[in-house]
Amino acid sequence: MTIQKKRLGDILIDCDLITAEQLQQALSYQREKNLKLGAALIDQGLVTEDDIIWALGKQLNISFIHLNANIVEPAVVKLIPAEYAKEYRMIPLYQSGNQLSICMVDPLESEAIENLGAKTQLSISVSICTRYDFEQTYAAIYGPLEGQEKVEGDMAPADKQTMERGIPKGMESPDKVINYIIGQAIINKVDRIHFEPSEKGVLIRFRTCSSLTKKLEIPLKIHQEVISKLKIFSQISAAPRTSPGMSVGHFKVTVSGRWINLQSMFYPTVHGEMVILKINDFSNLGSQILKSSKSFLDQIAGNVKKNYGVLYITGPRESGRTTTHYHILNSFNLERTKIVAIEDPVQCTLSNITQIQVGQNGVGSIKEGLDLALLLDADVIYLDHLGDLPIVEDISFAGLGGKTVLTSFMAYDAPSSITRLLGFVQDPVVVATSLCGFLSQRLVRTLCSQCKSPAQFPPEFAERVAAVGEKPVCFTATGCEGCQLTGYSGRALINEFIPNSSTLRQMMISRQNYQQFYQFARKQEIPTLEDKALRLLSSGETSVDEFLRLFP
Ligand SMILES: [Zn+2]
């Protein structure tokens, strides 16, 4: 890709993010302080780094990526010397034929790109990343950047203010508002966007894991138009809802060249319709999860392929169950396996998998979906959340018939999943003999490595962490620009897996109790979810607060 020789100031004006006067003001500040223009604009609180990324992506069609060291091909690191990478804030990603893909904080440095092309004799394709992701990745592949540890302290008050503000000038039309909000949410790796109307305006809040932050406010006068647009995207009738009940739909957006699925939920409130957009950026969550437990999940996938039967994945809401399901489904040979997924609703479109929605022109219930999947000659059946545990016996019969079934329901841990399930069945023999295993899981927020600060374990933790780690270290959340002041970046997946065995089958058939299943798992040396979270705590990857949020 050749980057057009366009100046950042002009791009930001074209996107209505700043005015010509503001650009002049920033240019004189830039000269005075000897800064790059982007830094000067951010310093003065005129734009945020996200605004710049959004504008570059939109105007120059440069794709934005969540850069991390895992996506860098080791063989290409030598193509960009450390000094050059530092000076022009660029990271090599991978080479395909005579094309080298790189990622830059400032892709308008066209001379640096041309020089790299001349030196390597390769054509260069550029994507954009945040300064924070660049610094983290640089440190991981080339070694620490000078002064990297003081980034958090350098955060100007203006930056903190600009994280929460109104829609930029000139972007008041519904289309631009929607584009801007969704773009910002994806750049910030947000899970959900809340549009909450009140008497004064519509509050836009972003949720990442358990923390909710106010992002901006939009005027009430465009709210109805924003809702109508979102409903059209979601293929839901655009008339305002008057009857109670939630409407659910989904749509896809491209953000800087990347397709992302969104699930939309509309609900009437006294001040107008509230909307929640759930961002299913599985590539983002998937890469975080895979980093922490790829080998474990591959092992489970291997077990599923070998044993057939039913795998129950349990945990509370937001425990990454769908992502685990998708990872296991994708591990099958998709050309030689017929996979039918019955979802409520479909969260992400998958290739080579037959996906059928419950409700809205799909099947009427999960049970109908199961019958249909059997008629459709499926080898592997994925049934989304089982609100309806009474159909467990039907699912078990499918497992006994040689099908592989993946499904999930809510339960605290693996032993309680077994007792919960047994509470719903007349005949435990069918369930026990068609079983692949019980996998229980949680998502643990991991501390932002840029700003976490050393702390002391509270006395009641000292003994517990000493039992799991050799030299326990305690860190606490602080908050910096890179982590949107939350103190956390990324998530780790922890799991407890009880596989099928003859002893387990016997215990299920004789309907043993929770304590007996719990003891059985400990005898097998299967670590509990709490044990795994303690390990993350003792190695300083998560905080005491996060541990207590999950295991109070
Ligand atoms: Zn941070």
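The values are calculated or read from the model by the stated rules, or taken from the named source; none is laboratory data. Computed from a predicted model, the values in this text were never measured in an experiment. No Cβ is skipped: glycine too gets one built from the backbone with ideal geometry, and neighbour counts run over all protein chains shown.
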Fill in the blank from the handout: By residue number, the members of region 490-546 that are of a type in the set (Phe, Trp, Tyr) and under 15 Å from ILE300 (Cβ atoms) are PHE497
Exercise for the section: Out of the residues in region 468-502 that are in a helix (DSSP H, G or I) and either touching a helix residue (DSSP H, G or I) at 6+ places or on another chain (Cβ under 8 Å) or in contact (Cβ under 8 Å) with a residue 24 or more places away in the chain (or both), state the one that is farthest from the ligand (Cβ to nearest atom). Expected result: VAL468
Exercise for the section: Determine if region 29-37 includes at least one residue that is more than 29 Å from SER489 (Cβ to Cβ) and either buried (at least 19 other Cβ atoms within 10 Å of the Cβ) or polar (S, T, N, Q) (or both). Expected result: yes
Exercise for the section: Starting from region 213-237, keep only residues that are closer than 24 Å to ASN188 by Cα and among the aliphatic types (A, V, I, L, M), then list their pairs with residues that are surrounded by fewer than 17 Cβ atoms within 10 Å (Cβ to Cβ) and modelled with pLDDT of 85 or more whose Cβ atoms are within a distance under 9 Å, requiring at least 6 positions of separation or different chains. Expected result: LEU216/LEU203; ILE218/LEU203
Problem - All positions within region 190-230 that are of a type in the set (Asp, Glu) and either surrounded by fewer than 17 Cβ atoms within 10 Å (Cβ to Cβ) or not in a strand (DSSP E or B) (or both) - result: ASP191, GLU199, GLU225
Completion exercise
The residue that is farthest from ASP133 (Cα to Cα), considering only those in region 431-467 that are within 16 Å of the ligand (Cβ to nearest atom) and surrounded by fewer than 18 Cβ atoms within 10 Å (Cβ to Cβ), is ALA455
Practice task
Can you confirm whether region 503-526 contains a residue that is surrounded by fewer than 21 Cβ atoms within 10 Å (Cβ to Cβ), hydroxyl-bearing (Ser, Thr, Tyr), at pLDDT below 95 and outside any helix (DSSP H, G or I)?
Solution key: no
Practice task
Tell me which of these LYS176 doesn't satisfy, since it passes every other one: (1) surrounded by 15 or more Cβ atoms within 10 Å (Cβ to Cβ); (2) of a type in the set (D, E, K, R); (3) at pLDDT 80 or above.
Solution key: (3)
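Would you confirm, using the coordinates I've provided, whether ARG420 is within 16 Å of the ligand (Cβ to nearest atom), under 24 Å from ASN303 (Cβ atoms) and at pLDDT below 95? If you could, list the steps in order and put the result at the bottom.
Numbers: within 16 Å of the ligand (Cβ to nearest atom): no; under 24 Å from ASN303 (Cβ atoms): yes; at pLDDT below 95: yes.
So ARG420 fails the test.
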Completion exercise
All-but-one check, GLY402 against (1) of a type outside the set (A, V, I, L, M, F, W, C); (2) away from the ligand (no atom under 16 Å from the Cβ); (3) in contact with a helix residue (DSSP H, G or I) (Cβ under 9 Å, 6 or more places away or on another chain); (4) part of a loop (DSSP other than H, G, I, E, B), failing number (3)
